[in-house]
């Protein structure tokens, strides 16, 4: 059926049954991914209205771009939307690696943790969110953000160190 949809798309002809099937598929994809895409957009944009706009644009672009949608394509399209707002792709912390992590013991206030995450530079914040929140592997992060796996690992390490430092300074 996918072949028929692709062929129909090329010729410009779509039977009503194909349109109904595609609408159902799009609805399922949207329902399965909307919270994840919105959450990433919100953490990156820092405000709800921009996050809603980026989420809707990402889904619109994904639905126009492909008959076969998958999470990684949606992530790449979201990163493309984010790049229009902020620089994503170059690691910017560039600070020397700490020999001793900042001393934070005990529980961390959630509001302080959120504030620390929001203070990260965009690329490091995105890497941190994709790895530690969404549980993506470094290979997938590298493909999504268009960086190497080593840069993904370095960015995550730098982000974690910076978060520790910021949290230690908030106490």
**Request:** Determine, yes or no, whether residue 82 is at pLDDT 95 or above, assigned to a helix (DSSP H, G or I) and closer than 18 Å to residue 123 by Cα.
**Result:** no
**Prompt:** Just a yes or no: is a residue in the range 131-150 outside any loop (DSSP other than H, G, I, E, B) and more than 15 Å from the chain's Cα centre (by Cα)?
**Reply:** yes
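The values are calculated or read from the model by the stated rules, or taken from the named source; none is laboratory data. Worth saying up front: this structure is predicted, and the values here are computed from it rather than measured.
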